[in-house]
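Below you'll find the structure, written out as structure tokens, and then a few comments.
Laboratory data are not the source of any read-out in this text; all were calculated from the coordinates shown. Note that the structure is a prediction, hence the values are computed from the model and not measured. Cβ placement follows ideal geometry from the backbone for every residue including glycine, while neighbour counts extend to all protein chains displayed.
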Amino acid sequence: MKITYHGHSCFLVEGSKGSIIFDPFLKDNPLAKVKPRDIRVDAVLVTHGHFDHVGDAVEISKNNNAIVIAPFELANYCQNKGAASHPMHIGGSHAFPFGTVKLTIAHHGSTTETGATGNPCGFLLNMDGKLIYHAGDTGLFSDMRLIGELNDIDVALLPIGDNFTMGIEDALKAVEFLNPGIAIPMHYNTFDVIRQDPNIFVDGLKDSHTKGVVLAIGESMEV
């Protein structure tokens, strides 16, 4: 499995049976190095309705005949804009050709220009025998410990930007709760208000079981 970081909270995950993209904020992200037309995927996983997460989900869905997987209300919002969708909700899981997706809680908001779009979420993605946890935009919550106890997480994608989500200190506590093999920071430096040094997060894991990895925008790693 290959994971490529495209800035903010956007990751492309490619496996042997298909590929997906999380929170594709590309066209309006000044740091992104690819455009929606460059993306080839089978599904678009969207954690919540804020512009910097739903981003280019509808365009990518249309370009690829790919499904948008999101909480019910947000999936319906995307479908109303012409995307194919598969609505889900927190606690539910579903097996797709590329792998299995389960929704987890996230403590945040979820609105679009039309108003509220249900609850935000995180995702557990099982692909090629590897488990990725994309936390979405969230604050630290104690049930992360339960998520870690119930799941053998290979890679955790965690926000560190502060202000709107966890900062570095809380993200390090999240790693302690989740106990993943690898932790990759996200949701930082796109805007001044979430400017952080991700190497501080990695340094905070030096005595941990978990390996911290900073991916540059456009950089990939094999898991």
Problem set entry | Per-region count, the stretch 76-109, residues in contact with a helix residue (DSSP H, G or I) (Cβ under 9 Å, 6 or more places away or on another chain) and either of a type in the set (Gly, Ala, Ser) or touching a residue at least 60 places away in the same chain (Cβ under 8 Å) (or both) | 4
Problem set entry | Selection from the stretch 178-209 of residues that are within 13 Å of residue 153 (Cα to Cα) and surrounded by fewer than 18 Cβ atoms within 10 Å (Cβ to Cβ) | 181, 209
Exercise. Out of (1) farther than 20 Å from residue 162 by Cα; (2) in contact (Cβ under 8 Å) with a residue 24 or more places away in the chain; (3) surrounded by fewer than 21 Cβ atoms within 10 Å (Cβ to Cβ), what's the single condition that is false for residue 125?
Worked result: (3)
Exercise. Going by the conditions given, is residue 11 touching a residue at least 24 places away in the same chain (Cβ under 8 Å), out of contact with any strand residue (DSSP E or B) (no Cβ under 7 Å at 6 or more places or on another chain) and under 19 Å from residue 215 (Cα atoms)?
Worked result: no
For this session: Confirm whether residue 119 is polar (S, T, N, Q) and either without any contact (Cβ under 8 Å) to a residue 12 or more places away in the chain or crowded, with 18+ Cβ neighbours inside 10 Å (or both).
Result: yes
Exercise. Is it the case that the stretch 185-197 has a residue that's more than 26 Å from residue 28 (Cβ to Cβ) and touching a helix residue (DSSP H, G or I) at 6+ places or on another chain (Cβ under 9 Å)?
Worked result: no
